Amino acid sequence: MRVKATINGRRIERDVPDSITLLHFLREDLGLTGTKEGCGSGECGACTVLMNGRTVNACLVLAAEIDGAVIETIEAESKDGKLSKLQEKFHKHHASQCGFCTPGMVMSLKSLVRENPKPSEEEIREAIDGNFCRCTGYKQIIEAVQDATGQLKKPEDIHYA
Amino acid sequence: MLYEFQYVAPKTKSELLALLDRHGDSCKIMAGGTDLLVDIRAGLRKPQVLIDIKKVSDFKPLSFSEKEGLLIGPATTCADVIRDKTVSREFPILIQAAKQLASTQVRNRATIVGNICNASPCADTALPLLCLDASVHIVSKSGSRIVKLKDFFTGVKKTALRKDEVVEKITVPSSMAGGRGGFMKLKRIKGHDLSLVSVCLVKKGSLLRVAIGSASPTPVVLKDFPAQVTADNVADEALRSVKPIDDIRCSKDYRLFMIKTYIERLIEEC
Ligand code: FES
Ligand code: FES
């Protein structure tokens with residue numbers, strides 16, 4: 001199947017096999033290995049990317065389905081070697097430990113913050129309801145988002161930095 | 001993927017119907033793909049041809065009118081429904097249930113029509129649609145027909161749909177607009193999980209309807225009740241109408257107990 005799509009701002013046109021996933025296409029064919037494969041079946045969220053602005057599990061989308069779509073992956077998050085605000089705050093608050101869930105987490109949270117610049121704790125939790133983290137216990141991640149959105153005003157609000 | 005299949009994305013309804021007619025058993029319709037691709041990966045299904053219906057331009061998107069009621073198109077996702085202002089005003093119960101389906105990422109892809117056609121006993125969106133007296137509009141090369149949702153489910157993952165047919169929309173009558181109620185889903189964890197049992201209640205005027213999931217081979221809607229019915233009456237009827245089993249998620253007795261509990265809570269709250 002011939003697909004034309006925009007990936008991280010770059011237009012591509014390729015022949016892709018009908019039976020491979022977007023996840024496989026990103027990692028194996030385009031070398032964008034920032035997007036991870038955990039379960040391969042829509043449970044863990046390690047493969048989260050944005051498709052036309054909304055989060056999807058790249059393991060549950062066929063490469064053939066992205067014809068005409070705009071895809072954003074973790075590789076577009078930092079610019080010229082400079083971390084994005086969200087990445088910087090993940091770093092500061094120890095929100096990334098083994099790091100395997102981090103690309104997916106950042107994509108889910110990027111989509112949240114874009115639509116909702118001051119999310120509540122509940123809204124942050126909801127936005128990552130499809131992202132497993134086996135290391136942090138999530139609290140550091142929530143704190144990082146609160147900091148990135150200017151919601152950590154007092155020193156006593158900060159537990160992990 | 002595990003094996004090579006062919007992917008086709010017809011652009012018109014007639015192209016789609018011709019493909020279904022030609023491929024019959026060897027093809028499978030794909031909408032969001034969130035169940036189908038998981039099953040393919042697990043080796044549970046092995047279609048030779050995947051027919052993606054999301055690019056069919058003559059299928060309608062989500063809309064509402066007094067005359068046709070709520071119309072849910074075959075490519076309408078759970079997220080589309082959750083974000084829709086009219087649905088939130090007229091059919092909030094549908095949003096309550098759609099929000100309980102899987103995760104944000106899955107809700108962005110999974111379609112309501114797909115959830116119905118997959119016909120799992122635990123299909124989250126089936127319960128409000130049963131309470132709202134939804135109809136399933138089916139087309140094939142040889143014609144079209146309308147089946148009430150309660151007659152559409154025929155068994156575990158089985159529906160009234162023939163191999164050459166496709167669902168072109170699900171409608172909810174505007175007489176049910178403004179109905180209020182609740183949806184309760186029991187899960188093993190707070191996050192992303194299938195239901196152990198779920199109960200949905202909708203009240204509209206003098207009518208009260210209750211549907212139950214994960215407690216029979218199909219989602220079940222009970223007979224209509226008057227709005228003033230007691231929780232005991234509904235629970236008695238419910239326990240007569242469902243046939244839960246012991247399975248990997250929980251026991252039959254726990255299911256029966258929780259159905260009764262949820263009915264009591266919903267009647268009290270709504
Ligand atoms: S790898 Fe896609 S959800 Fe786990
Ligand atoms: S940091 Fe290890 S899984 Fe999240």
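Below are the figures for this structure:
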read-out: Residue within the stretch A:17-33 that is crowded, with 18+ Cβ neighbours inside 10 Å, within 12 Å of another protein chain (Cβ to nearest Cβ) and more than 16 Å from ligand 1 (Cβ to nearest atom) present; value: yes
read-out: Residue match in the stretch A:102-117 (condition: more than 23 Å from A:Ile12 (Cβ to Cβ) and either among the hydroxyl-bearing types (Ser, Thr, Tyr) or at pLDDT below 95 (or both)); value: yes
read-out: All positions within the stretch B:110-132 that are within 13 Å of chain A (Cβ to nearest Cβ) and either within 21 Å of A:Arg125 (Cβ to Cβ) or modelled with pLDDT under 95 (or both); value: B:Ala110
read-out: All positions within the stretch A:41-56 that are away from ligand 2 (no atom under 16 Å from the Cβ) and either buried (at least 21 other Cβ atoms within 10 Å of the Cβ) or among the hydrophobic types (A, V, I, L, M, F, W, C) (or both); value: A:Gly42, A:Val49, A:Leu50, A:Met51, A:Thr55, A:Val56
read-out: Close pairs from the stretch A:25-52: first free of Cβ contacts under 8 Å to residues at least 12 places away in the same chain, partner more than 6 Å from ligand 1 (Cβ to nearest atom) and not β-branched (Val, Ile, Thr), Cβ under 6 Å, at least 6 apart; value: A:Thr33/A:Arg27
read-out: Filtered residue count, the stretch A:99-148, keeping only those that are touching a strand residue (DSSP E or B) at 6+ places or on another chain (Cβ under 7 Å) and either surrounded by fewer than 22 Cβ atoms within 10 Å (Cβ to Cβ) or among the hydroxyl-bearing types (Ser, Thr, Tyr) (or both); value: 2
read-out: Some residue of the stretch A:67-74 being open to solvent by 30 Å² or more (accessible area, probe 1.4 Å), within 14 Å of the chain's Cα centre (by Cα), touching a residue at least 60 places away in the same chain (Cβ under 8 Å) and within 16 Å of ligand 2 (Cβ to nearest atom); value: no
read-out: Check on B:Val221, on the phi < 0 side of the Ramachandran plot, touching a residue at least 60 places away in the same chain (Cβ under 8 Å) and open to solvent by 30 Å² or more (accessible area, probe 1.4 Å); value: yes
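The values are calculated or read from the model by the stated rules, or taken from the named source; none is laboratory data. All values reported here derive from a predicted model rather than from experimental measurement. FYI the Cβ positions are ideal-geometry reconstructions off the backbone, even for glycines, and counts take in every protein chain you see. Areas reflect the complete protein model, heavy atoms only, side chains present, ligands, DNA and RNA absent. Shrake-Rupley method; radii C 1.70, N 1.55, O 1.52, S 1.80 Å.
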